[in-house]
Amino acid sequence: MITLLDIYHKLSYAFGPQHWWPADTPFEIAVGAILTQNTNWGNVEKAIQNLKSRDALSARVIYEMPVKELAELIRPAGYFNIKTQRLKSFINFLMSDYHGSMKKMKNGEMHLLREQLLAVNGIGPETADSILLYALGKPVFVIDAYTKRVLSRHRILDDSRSYDEFQAIFHATLKKDEKLFNEYHALFVKVGKTFCRKSKPSCDICPLSTFKNIKKN
């Protein structure tokens, strides 16, 4: 039976290191995790570049920035009015609980941090775990649509199962190592975008094609 480590080693051999998440600071990663909801990364990069061009990629500046001004800067990310409120909510939390410091936040206990992030308006499990893993270096596995699709098509877990159920199999099976979780999740994104697409998947040339019993749904 195919295992999670089988998939990891096959993808790692095929694609090599992914160097994800592309950002200069933990704060930039957190902002990107919020902005990438329901859009592609190219649009997020444009919004982040807008913030950088105004020297506004800091908790203090965004905290003090008028809502309309922030909305205009992040417009390329789409749903900019909603994302402005979500970003402001995260910044308010960061300022009130950690004095605007991602470094202080990193010192917190992972499960408490996760509860705090999930209590922030507009932050769900995937966004919270992305911040925990990529910005704060905590060993939590991020589950996204690519991960669910690959595992479902290889009959490991049906994609109708919950976020927590998918995450549990990684936490139960793999060593709790943030570097492994980081790289593995990035590899799921790579194979999902390149071969395991939602429609018209390229199963025959996918690096995982040597594993039998693929469900082409």
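If a residue counts only when it is in contact with a Leu (Cβ under 9 Å, 6 or more places away or on another chain), which helices (runs of 4 or more DSSP H) contained entirely in segment 21-106 have at least 3 such residues?
Working: elements: 26-35, 41-53, 59-64, 67-73, 80-98, 102-106.
Qualifying helices (runs of 4 or more DSSP H): 26-35, 41-53, 59-64, 80-98, 102-106.
Would you tally the residues in segment 36-93 being surrounded by fewer than 16 Cβ atoms within 10 Å (Cβ to Cβ) and at positive phi?
Final tally of qualifying residues: 3.
Cβ-Cβ under 9 Å, sequence separation 6+ or interchain: first residue in segment 111-140 and outside the structural domain of F170 (by TED's automatic domain parsing), partner of a type in the set (K, R) and crowded, with 22+ Cβ neighbours inside 10 Å. Which pairs?
As it stands, the answer is G122/K83, since those pairs meet every condition given.
Which condition number does R155 fail, the rest of (1) at pLDDT below 95; (2) of a type outside the set (D, E); (3) surrounded by 18 or more Cβ atoms within 10 Å (Cβ to Cβ) being met?
For R155, the failing item is (3).
The values are calculated or read from the model by the stated rules, or taken from the named source; none is laboratory data. Because the structure is a prediction, the values reported are computed rather than measured. Ideal geometry is used to build each Cβ from the backbone, glycine not excepted, and the neighbour counts take in all protein chains shown.
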